[in-house]
Amino acid sequence: MTIRSKIVGTGMGVPEHVVTNHDLEKLMDTSDEWIRQRSGIAERRHIREGERPSELAERASRRALDAAGLEPGDLDGIVLATLSSEHDFPGTSFFLHRRLGVPEIPCFDLRAQCSGFLYALATADAYIRAGMMRRVLVVGCEVHSTGLDLTTRGRNVSVLFGDGAGAVIVEANPDPEDRAGVLAVRMHAQGEHAERLWIEAPGSGSYPLRITAEQVAAGRHFPQMEGRFVFKHAVTRMPEVLRETLDAAGVKQDDVSWFLLHQANLRINEFVAQAMGIPPEKCPSNIERFGNCSAASIPMLLDEGARAGRLEPGQLIALAAFGSGFTWASAILRW
Ligand code: COA
């Protein structure tokens, strides 16, 4: 008998502190108009001192558990995708593990940047299909704000990113009558372009210490991005992988009710929708309010859609992301 995995609960957690484009104008040479025109972003959230990534992840996870009618003790494992971990090691998932007070179930962090949630969903799906786990908490969690150059030097990157967490509970669905579930997932990577969007240090690539005074002075501990290069690849790879995953799932594009695309830049998603002939109203966004929350963007979109009642049982939903690595991935779900 084939076991399929399905999402049975969603949640999100964002800091309360709102940072508008006008707030950023006070820190760097930028403008609300430039940011909105280029990215569609109006505001994002930043943590305040004392807040932690695992706190946002806990909020998202508890909401997802509540939505599923489950307790932390019902989980068999936790996979947390992040590129902005709370400490160098252990991963953020261990701090979430402690906060949730779960028994000694396995947990780990997964690093696939903005495609991280889809890689994590694929991992949970594989464990469930293999019969290793029945219920997995999958989390995307980012605190970018503490790692951004909030001066004019870093403006091409720092205006784009925000903090947030999203979570889903993925559960085995052995009922052949229930068609809900993850129908197909596809993932890709191209390490050739690793340095086109990256943070160089701290890391073991810097010798003899993981970061040097020169790197700090040059701002190499902040993200570096070749924006146009990333843009060009994102608008090519997302349609490619969406088509591949639709084919793998045996689903027609027109039968998909929602396309939940990674929230890197509204213009990227408009481009993807136009190139594929997807009606814009099928591509909800939250980037206006939250900016790019990397691994958290898609689960946050899922949670907003589920809570607003937009995602209805039986609907087909396509997810897709592109990010640093480069990585890109897609999943087709029946809700
Ligand atoms: N405010 C004002 N001006 C800014 C700015 C800011 N925040 N950031 C950059 N600029 C300036 C640049 O210095 C440049 O000035 P110049 O022409 O005098 O040299 C000008 O704006 C254009 O910069 P450029 O980087 O060429 O802009 P762009 O049109 O490519 O748009 C991005 C920049 C970042 C919005 C765009 O490239 C993009 O969205 N790329 C993809 C990013 C992404 O999605 N990353 C995450 C992937 S997961």
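Under 20 Å from the Cα of K26, which lysines turn up, not counting those fewer than eight places away in the same chain?
Correct list for K26: empty, as no lysines qualify.
Run the dipole for the chain about the Cα centre, Lys and Arg Cβ at +1, Asp and Glu Cβ at -1, nothing else charged, and hand back the magnitude in debye, nearest 20.
Dipole about the Cα centre, nearest 20: 340 debye.
Pairs of alpha-carbon atoms within less than 8 angstrom and 6+ residues apart define the contacts here; what relative contact order does the chain have, in percent?
It rounds to 26 percent for the chain.
Please list, in order along region 50-60, the HN-Hα scalar couplings obtained from phi with the Karplus expression 6.51 cos²θ - 1.76 cosθ + 1.60 (θ = phi - 60°), rounded to whole Hz, x for Gly and Pro.
Values per residue, Gly and Pro as x: x, 6, 10, x, 5, 6, 5, 5, 5, 4, 4 Hz.
Can you check what the net charge comes to around A273, using other residues whose Cβ is under 10 Å from the Cβ of A273 (Lys, Arg +1; Asp, Glu -1)?
Every neighbour counted, the sum reads -1.
Which Cα, out of P299, N265, F117, lies furthest along the positive dipole direction of the chain (beta carbon charges, K/R +1, D/E -1)?
Result: N265, furthest along the dipole toward the positive end.
Take the cross-link list K6/K232; K232/K282; K6/K282 and give me the ones stretching past 28 Å between alpha-carbons.
Beyond 28 Å: K6/K232.
With springs only between Cα atoms under 10 Å, which of I78, I199, I268 fluctuates most in a Gaussian network model of the chain?
It is I199.
Principal axis lengths of the chain from Cα atoms, whole Å, largest first?
Extents along the principal axes: 60, 47, 37 Å.
Could you give the size of the charge dipole of region 53-145 about its Cα centre, using +1 on the Cβ of each K and R and -1 on the Cβ of each D and E, expressed in debye and rounded to the nearest 20?
180 debye
In percent, how large is the relative contact order of region 181-334, given Cα pairs closer than 8 Å and 6 or more residues apart?
In percent, rounded to a whole number, it is 38.
Compute the normalised compactness of region 178-335: alpha-carbon radius of gyration over 2.2 N^0.38 Å, N being the residue count.
Compared with the compact-globule rule of thumb, region 178-335 sits at 1.18.
So how tilted is helix 266-276 from the main axis of the chain? Cα-based, degrees 0 to 90, rounded to 10.
The angle comes out at about 50 degrees.
Rounding to the nearest 20 debye, state how big the charge dipole of region 4-173 is about its Cα centre with +1 on each Lys and Arg Cβ and -1 on each Asp and Glu Cβ.
Value, rounded to 20: 440 debye.
Taking the Cβ of R129 as the centre, find all other residues whose Cβ is under 13 Å away and add up their charges (Lys, Arg: +1; Asp, Glu: -1).
+1
What share of all Cα pairs of region 201-249, in percent, falls into each consecutive 10 Å distance bin?
Whole-percent P(r) values from 0 Å outward: 22, 25, 21, 21, 10, 0.
I'd like to compare 209-217, 145-153, 39-47: which one has the highest average count of other Cβ atoms within 10 Å, and what's the full order after that?
Descending mean neighbour count gives 39-47, 145-153, 209-217.
Stokes-Einstein diffusion coefficient for region 4-173 at 20 °C in a medium of 1.002 mPa s, Rh from the Kirkwood formula over Cα pairs: what value in µm²/s?
Once the numbers are plugged in, D ends up at 129 µm²/s.
Given a cut-off of under 8 Å on Cα pairs at least six residues apart, what relative contact order in percent is computed for region 261-324?
The value is 43 percent.
For the charge dipole of region 4-173, defined by +1 on Lys and Arg C-beta atoms and -1 on Asp and Glu C-beta atoms about the Cα centroid, which residue among Y127, H97, T82 has the Cα displaced farthest towards the positive pole?
Y127
Roll a 1.4 Å probe over the protein chains and send me the accessible area per residue for region 181-334 in Å².
Value for region 181-334: 44 Å² per residue.
Under a 1.4 Å probe, what is the accessible area of region 4-173 per residue, stated in Å²?
The answer is 41 Å² per residue.
If I compute solvent accessible area with a 1.4 Å probe over the protein chains, what percent of it on region 181-334 is carbon and sulfur?
53 percent
HN-Hα J couplings of region 287-304 from phi, Karplus 6.51/-1.76/1.60, θ = phi - 60°, integer Hz, Gly and Pro as x?
So the J values, rounded to whole Hz, are 5, 3, 9, 10, x, 8, 9, 6, 4, 8, 4, 5, x, 5, 5, 4, 5, 4.
The values are calculated or read from the model by the stated rules, or taken from the named source; none is laboratory data. All values derive from a computational prediction rather than experimental measurement. Cβ sites come from the backbone with ideal geometry, for glycine too, and all protein chains shown count toward neighbours. Only protein heavy atoms, including side chains, enter the accessible area calculation; ligands, DNA and RNA are left aside. Shrake-Rupley method; radii C 1.70, N 1.55, O 1.52, S 1.80 Å.
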